[in-house]
Amino acid sequence: MHGRATPYLFLLPYLLVFGVFGLLPIGLGVWLSLHQWDFSLPNKPFTGLDNYLELFQPDSLVYGDWWESVRATAIFTVASVPLLVVLPLGIALLLNREFPGRTFFRAVYFAPYVLGVAVVGLLWRFLLDANLGFVNAVLGELGLPADTPWLTGTPYVWVSLVGVTVWWTCGFNAVIYLAGLQEIPAELYEAAKVDGASAWARFRHVTLPGLRPVLLFVITTTILASANMFGQSYLITQGAPGTETRTVVSYIVSLGLGSNDAGRAAAMSVTLTLMLALVSVANFRLFRYQED
């Protein structure tokens, strides 16, 4: 009996942490979403699924703001994910070659990722300022328009948010790709060369199949991270112009903490989680289909 229980004893610390910091908050969030939960009021009446239904009723108080935030999140995700999947792969392919200073450049590309979102947000808010920012100053020296509203006008705000995010996080995906490239046997490339395969053919038939598990991880985690973007929008554009760049997470924070409407905010959180779960399942099924 002791032998059978030993694995569970080793798992017990993790299960306790996961239960307290994972399952318990999830259960509490679902419970909040079923109530009209105002932290400042003593009574929290049960509302059932009303908070969820309001997200799909055009005459509700939150319908317009909710779908505007969904649209902002979708724009950011669609614009950033392809760049954060393709660009780091190209960087990893270059850094996987033998050349002097390779280790230095690996560190350079990864360095921005160690910065916190507060540092990145404040740094780029200063650099992109329309009047005093370094970016417009450089553009002016080059004879280009020096009054571009990077933080207040469309489509420039999206260029700012996506560009900053790619600069900040592409190093992480590049390192993941690099680890995957080093696991592909060199013999496969040598055999492909002997068969007369071109560089593109070797990439298509050796590199990409060898990176399929890594691609699945990178694409899935990048989609989840982009859909949960908060800090860049909050610190760099502050949702401007108006609330056009206010993402779902930003709206949830504003509604739940700023307006003390934790019930509706929790319902939005659960809905976003279900949306992302469906996207993740679809991604896994797509990769499994390609593998089959």
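The values are calculated or read from the model by the stated rules, or taken from the named source; none is laboratory data. Computed from a predicted structure; not experimentally measured. So basically every Cβ, Gly included, is an ideal-geometry build from the backbone, and we count neighbours across all protein chains shown.
Taking the options SER254, SER226, name whichever one is in contact (Cβ under 8 Å) with a residue 60 or more places away in the chain, buried (at least 16 other Cβ atoms within 10 Å of the Cβ) and not in a loop (DSSP other than H, G, I, E, B).
Result: SER226 is the single residue among SER254, SER226 that is in contact (Cβ under 8 Å) with a residue 60 or more places away in the chain, buried (at least 16 other Cβ atoms within 10 Å of the Cβ) and not in a loop (DSSP other than H, G, I, E, B).
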statement: Going through the stretch 180-202 in order, the residues found to be surrounded by 12 or more Cβ atoms within 10 Å (Cβ to Cβ) and in contact (Cβ under 8 Å) with a residue 24 or more places away in the chain are GLY180, LEU181, ILE184
query: What's the number of the condition GLY116 fails, among (1) within 16 Å of the chain's Cα centre (by Cα); (2) surrounded by 12 or more Cβ atoms within 10 Å (Cβ to Cβ); (3) more than 15 Å from PRO241 (Cβ to Cβ)?
result: (2)
task: For residues that are touching a helix residue (DSSP H, G or I) at 6+ places or on another chain (Cβ under 7 Å) and either over 14 Å from ALA266 (Cα atoms) or at pLDDT 95 or above (or both), tally how many sit in the stretch 36-53.
output: 2
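Evaluate the following for ILE176: is it over 15 Å from the mean Cα position of the chain (by Cα), more than 22 Å from ILE75 (Cα to Cα) and touching a residue at least 40 places away in the same chain (Cβ under 8 Å)?
Taking the combined requirement at face value, the residue satisfies it.
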message: What's the total number of residues in the stretch 168-200 that are touching a Phe, Trp or Tyr at 6+ places or on another chain (Cβ under 6 Å) and more than 17 Å from PRO112 (Cα to Cα)?
response: 0
message: Looking at ALA111 and the list (1) free of Cβ contacts under 8 Å to residues at least 60 places away in the same chain; (2) in contact with a helix residue (DSSP H, G or I) (Cβ under 9 Å, 6 or more places away or on another chain); (3) small (Gly, Ala, Ser); (4) not in a loop (DSSP other than H, G, I, E, B), which single condition is not satisfied?
response: (1)
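Can you give me the ranges of the helices (runs of 4 or more DSSP H) entirely in the stretch 1-105 with at least 3 residues that are in contact with a Cys (Cβ under 9 Å, 6 or more places away or on another chain)?
Here the list reads 63-95.
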- request: Output the residues belonging to the stretch 257-272 that are assigned to a helix (DSSP H, G or I) and either modelled with pLDDT of 95 or more or in contact with an Asp or Glu (Cβ under 9 Å, 6 or more places away or on another chain) (or both).
  value: ALA262, GLY263, ARG264, ALA265, ALA266, ALA267, MET268, SER269, VAL270, THR271, LEU272
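If you check THR237 against the conditions, is it at pLDDT 95 or above, surrounded by 17 or more Cβ atoms within 10 Å (Cβ to Cβ) and β-branched (Val, Ile, Thr)?
Working: at pLDDT 95 or above: no; surrounded by 17 or more Cβ atoms within 10 Å (Cβ to Cβ): yes; β-branched (Val, Ile, Thr): yes.
It is false that THR237 is at pLDDT 95 or above, surrounded by 17 or more Cβ atoms within 10 Å (Cβ to Cβ) and β-branched (Val, Ile, Thr).
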